[in-house]
Amino acid sequence: MSSTSYKSHTSSQFNAELEDVRQRVLSMGGLVEQQIVDATRALVEGDGVLAAETVENDYKVNRFEVTIDEDCSGILARRQPTASDLRLVYAIIKTITDLERIGDEAARVARMAGDLASQDRVSSPIHEVCHLSRHVSQMVRDTLDAFARMDAEAAVAVAREDISVDREYEALIRQCMTLIMEDPRTIRRVMDIIWAVRALERIGDHARNIAEYIVYFVKGKDVRHVGLEEMEREVKQER
């Protein structure tokens with residue numbers, strides 16, 4: 001099935017509705033990506049003001065989710081789509097849910113940044129956290145690009161990248177626990193970092209979820225809760 005089959009309707013109005021919703025999903029994705037960048041910058045620079053602004057801006061992400069969800073409900077009621085069109089609407093609804101949760105996780109990082117800004121800057125793996133943040137930000141960016149093109153192979157590449165994010169997360173947790181054991185005075189600061197790192201790892205999970213919805217739309221196969229190898233086989237398989 002062509003990834004742009006939703007554009008082949010005889011109803012130009014239906015085409016326009018689907019394209020409008022798709023574009024707003026991408027705008028929502030761009031906003032959550034900026035939330036990740038701002039939250040990480042606040043964490044690294046100890047910028048409490050930016051951290052507070054990032055938390056406050058989460059309402060914009062929530063508003064996107066509500067309005068897009070309402071529009072999708074309207075499309076389902078008016079158009080009663082079938083086959084690939086129904087899968088597209090379903091994929092969009094699921095995608096905005098994960099984007100909203102990415103926004104929540106970015107806000108959580110920002111809250112940890114705000115708390116850290118009020119503490120003494122003792123030894124902590126801030127730069128390693130920054131690297132993890134860049135990694136998951138790239139995952140989100142790549143996922144949005146795959147969504148824009150409905151590219152199943154690019155979606156699989158995102159899912160594959162989540163394995164590297166998990167390994168980086170585990171290494172950071174071990175480093176944090178070592179710091180706590182070596183100097184108990186760092187407990188409060190390191191625990192805030194652990195919560196921030198956990199939030200970043202969750203962002204990677206949500207990016208993978210969106211990649212799975214892309215595969216569902218393109219291939220018509222639900223690849224949630226399956227291994228990466230099986231996901232790759234489904235994408236390579238001709239329908």
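The values are calculated or read from the model by the stated rules, or taken from the named source; none is laboratory data. If you're wondering where the values come from, they're calculated on a predicted model, not measured in any experiment. Cβ: placed from backbone, ideal geometry, glycine included. Neighbour counts: every protein chain shown. Note: areas computed on protein heavy atoms with side chains; ligands, DNA, RNA excluded. Shrake-Rupley method; radii C 1.70, N 1.55, O 1.52, S 1.80 Å.
Magnitude of the Cβ-charge dipole of the chain, K/R +1 and D/E -1, about the Cα centre, nearest 20 debye?
Value, rounded to 20: 360 debye.
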Region 75-213, relative contact order in percent, only Cα pairs under 8 angstrom and at least six apart counted: 42
D_trans [Stokes-Einstein, Kirkwood Rh over alpha-carbon pairs] for region 2-118, 10 °C, 1.306 mPa s, µm² s⁻¹: 103
Kirkwood estimate for region 139-214, i.e. one over the average of 1/r between Cα atoms, Å: 13.5
Positive-end extreme of charge dipole, the chain - chosen from SER133, PHE64, ALA16 (charges on Cβ): ALA16
Extreme residue, positive dipole direction of the chain, given options VAL235, ALA155, ILE210 (C-beta unit charges): VAL235
Most mobile of LEU43, LEU179, LEU88 in a GNM of the chain (Cα contacts under 10 Å): LEU179
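Run the accessible area of region 82-196 with a 1.4 Å probe and give the carbon-and-sulfur part as a rounded percent.
Reported share for carbon and sulfur atoms: 53 percent.
With an 8 Å Cα cut-off and a minimum separation of 6 or more residues, compute the relative contact order for the chain in percent.
Details: 314 pairs, mean separation 62.5, N = 239.
It comes to 26 percent, rounded to a whole number.
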Fraction in percent of alpha-carbon pairs per bin - 10 Å, region 104-158: 20, 37, 24, 15, 4
Cα Rg, Dmax (largest Cα-Cα span) when computed across the chain, Å: 19.6, 68
Largest to smallest accessible area among THR82, THR97 [probe 1.4 Å]: THR82, THR97
